[in-house]
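Trainee: First the structure, then my questions, so here it is.
The values are calculated or read from the model by the stated rules, or taken from the named source; none is laboratory data. Keep in mind it's a predicted model, so treat the numbers as computed, not measured. Reconstructed Cβ throughout: ideal geometry from the backbone, glycine too, with neighbour counts over all protein chains shown.
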Amino acid sequence: MPAVKLIKHLQYDADDLLSLVANVEDYPNFINLISALRIKNRSNINNFEAEAIVNYKLLRECFKSKVVIDPKKRTIFVKKSGDGGALKSLTNKWVFYDLSDGSTAILFEVDVSLKAFPLNLLVQQRINRYSEVIMKAFENRASELFNKVDKCGIDFIKEIDALGI
């Protein structure tokens, strides 16, 4: 299965970034691949099922996912739910770490496979690029919504090593 792990340093507050990613209904406004998204079966504010429509060139796919948000741990876990659609499996994890200057280290992991072999090959070839595009969309959205924290010139590599990322 294609798997991606990105670690990104953003000059925004971790709780602000968590709220941005947790607001899944806003995704169609800034992620070009997602044309629609709605919440279904909400257990509570931090535990729900979401239904997304993803468009890529001539392909259009609808899938459901289970979303679990833990604000105290600053984590978001997403997993495909249901049997329908072209997705065989999907798991996605976000973790937001406070850094010493008030900025954030984001751990983003995604693992996806499709039922159809040719489409799965396409995903394998492009998953890294699409993950970067999606992360950049979140970074751009954060710049529209939030003020940057003051930059103190931290050693990002040293900080993420200390966090064990």
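Trainee: For Val95, are the conditions met, namely being touching a strand residue (DSSP E or B) at 6+ places or on another chain (Cβ under 6 Å), at pLDDT 95 or above, in a strand (DSSP E or B) and not charged (D, E, K, R)?
Mentor: yes
Trainee: Now for a different question. Name the residues in region 134-165 that are in contact (Cβ under 8 Å) with a residue 60 or more places away in the chain and aliphatic (A, V, I, L, M), would you?
Mentor: If the condition is that a residue be in contact (Cβ under 8 Å) with a residue 60 or more places away in the chain and aliphatic (A, V, I, L, M), then Ile134, Met135, Ala137, Ala142, Leu145, Val149, Ile160, Leu163, Ile165 are the ones that fit.
Trainee: Quick one: is Tyr12 within 15 Å of Ile134 (Cβ to Cβ) and in contact with a strand residue (DSSP E or B) (Cβ under 9 Å, 6 or more places away or on another chain)?
Mentor: Considered against the rule, which asks whether it is within 15 Å of Ile134 (Cβ to Cβ) and in contact with a strand residue (DSSP E or B) (Cβ under 9 Å, 6 or more places away or on another chain), Tyr12 comes out as no.
Trainee: Taking Ile76 as the residue in question, decide whether it is under 28 Å from Lys158 (Cβ atoms), buried (at least 18 other Cβ atoms within 10 Å of the Cβ) and free of Cβ contacts under 8 Å to residues at least 60 places away in the same chain.
Mentor: When the stated conditions are applied, Ile76 passes them.
Trainee: Output the number of the condition that Lys72 fails; it satisfies all remaining conditions of (1) farther than 30 Å from Asp161 by Cα; (2) over 13 Å from the mean Cα position of the chain (by Cα).
Mentor: Going through (1) farther than 30 Å from Asp161 by Cα; (2) over 13 Å from the mean Cα position of the chain (by Cα) one by one, Lys72 breaks only (1).
Trainee: Does region 43-68 hold any residues that are at pLDDT 90 or above, charged (D, E, K, R) and more than 19 Å from Ser113 (Cβ to Cβ), and which are they?
Mentor: Those that are at pLDDT 90 or above, charged (D, E, K, R) and more than 19 Å from Ser113 (Cβ to Cβ): Glu49, Glu51.
Trainee: Let me ask something else about it. Find all pairs meeting these conditions: Cβ atoms under 9 angstrom apart; at least six residues apart or on different chains; first residue within region 28-42 and outside any strand (DSSP E or B); second residue polar (S, T, N, Q).
Mentor: Note: pairs meeting the criteria are Pro28/Ser35; Phe30/Asn140; Asn32/Asn55; Leu33/Asn55.
Trainee: Go through (1) loosely packed, with under 15 Cβ neighbours inside 10 Å; (2) in contact (Cβ under 8 Å) with a residue 12 or more places away in the chain; (3) more than 30 Å from Phe156 (Cα to Cα) for Leu87 and report which single condition fails.
Mentor: Just one mismatch for Leu87, condition (1).
Trainee: Hey, another quick one. Quick check, is Asp150 surrounded by fewer than 11 Cβ atoms within 10 Å (Cβ to Cβ), modelled with pLDDT under 85 and within 26 Å of Pro71 (Cβ to Cβ)?
Mentor: yes
Trainee: Keeping to region 18-37, report how many residues are exposed (fewer than 13 other Cβ atoms within 10 Å of the Cβ) and in contact with a helix residue (DSSP H, G or I) (Cβ under 7 Å, 6 or more places away or on another chain).
Mentor: Number satisfying all stated conditions: 0.
Trainee: I've got another one for you. Checking Asp15 against (1) among the acidic types (Asp, Glu); (2) surrounded by fewer than 16 Cβ atoms within 10 Å (Cβ to Cβ); (3) in contact with a Lys or Arg (Cβ under 8 Å, 6 or more places away or on another chain); (4) more than 23 Å from Glu144 (Cβ to Cβ), which single condition isn't satisfied?
Mentor: Of the numbered conditions (1) among the acidic types (Asp, Glu); (2) surrounded by fewer than 16 Cβ atoms within 10 Å (Cβ to Cβ); (3) in contact with a Lys or Arg (Cβ under 8 Å, 6 or more places away or on another chain); (4) more than 23 Å from Glu144 (Cβ to Cβ), the odd one out for Asp15 is (4).
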